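Novice: First the structure, which I've put down as structure tokens, then a few questions once you've had a look.
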């Protein structure tokens, strides 16, 4: 896995797991790879994956069954979508809207661009 310098590694791993949940490859109540399995797969320290799992458990995306491991929470998808929407609207959106304004893209042009994107 390639990591970016601008975000903590454990959060990037959490994002990856979130992507897998949104894509359906980790279904509700499905088993999540063990800490050691995931650490070996993405070549990071097991403590980093453990921190990722602690974070995901804290926000309600995964839960643990004692002695069995970690599993995807039934409402994980809704939790991820809600958190990502909030992050987008509070942080990144201002920057992108400013850029659209700076280069003169009108609301109708943006609507068409987004419609075309969704049609792909």
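What follows draws every value from the coordinates through simple rules; no lab data is involved. All figures in this text were calculated on a predicted structure; none of them were measured in a lab. As a convention, Cβ positions derive from the backbone with ideal geometry for all residues, glycine included, and neighbour counts pool all protein chains shown.
Novice: Output the number of residues of the stretch 48-63 satisfying the condition of being closer than 15 Å to residue 30 by Cα and part of a loop (DSSP other than H, G, I, E, B).
Specialist: First pass over the stretch 48-63, keeping only residues closer than 15 Å to residue 30 by Cα: 53, 56-57, 60-63.
When the remaining residues are screened for being part of a loop (DSSP other than H, G, I, E, B), the result is 60-61.
So the count comes out to 2.
Novice: For residues that are on the phi > 0 side of the Ramachandran plot and under 11 Å from the mean Cα position of the chain (by Cα), tally how many sit in the stretch 1-35.
Specialist: 0
Novice: When you look at residue 98, is it part of a helix (DSSP H, G or I), out of contact with any helix residue (DSSP H, G or I) (no Cβ under 9 Å at 6 or more places or on another chain) and under 30 Å from residue 111 (Cβ atoms), yes or no?
Specialist: Details: part of a helix (DSSP H, G or I): yes; out of contact with any helix residue (DSSP H, G or I) (no Cβ under 9 Å at 6 or more places or on another chain): yes; under 30 Å from residue 111 (Cβ atoms): yes.
Criteria met by residue 98.
Novice: List every residue pair whose Cβ atoms lie under 6 Å apart, where the two residues are 6 or more positions apart in sequence or sit on different chains, the first residue falls within the stretch 64-83 and is assigned to a loop (DSSP other than H, G, I, E, B), and the second residue, located anywhere, is surrounded by fewer than 14 Cβ atoms within 10 Å (Cβ to Cβ).
Specialist: Hits for this filter: 74/28.
Novice: Something else now. Is it the case, given these coordinates, that residue 72 is surrounded by 14 or more Cβ atoms within 10 Å (Cβ to Cβ) and over 12 Å from residue 17 (Cβ atoms)?
Specialist: On the way: surrounded by 14 or more Cβ atoms within 10 Å (Cβ to Cβ): yes; over 12 Å from residue 17 (Cβ atoms): no.
In short, no.
Novice: Could you check the stretch 1-15 and list, in sequence order, the residues that are exposed (fewer than 14 other Cβ atoms within 10 Å of the Cβ) and either closer than 13 Å to residue 39 by Cα or in contact with a strand residue (DSSP E or B) (Cβ under 6 Å, 6 or more places away or on another chain) (or both)?
Specialist: Scanning the stretch 1-15 gives a single hit, 1.
Novice: Are any residues in the stretch 54-69 touching a strand residue (DSSP E or B) at 6+ places or on another chain (Cβ under 7 Å) and exposed (fewer than 14 other Cβ atoms within 10 Å of the Cβ), and if so, which ones?
Specialist: Residues satisfying the conditions are 64, 65.
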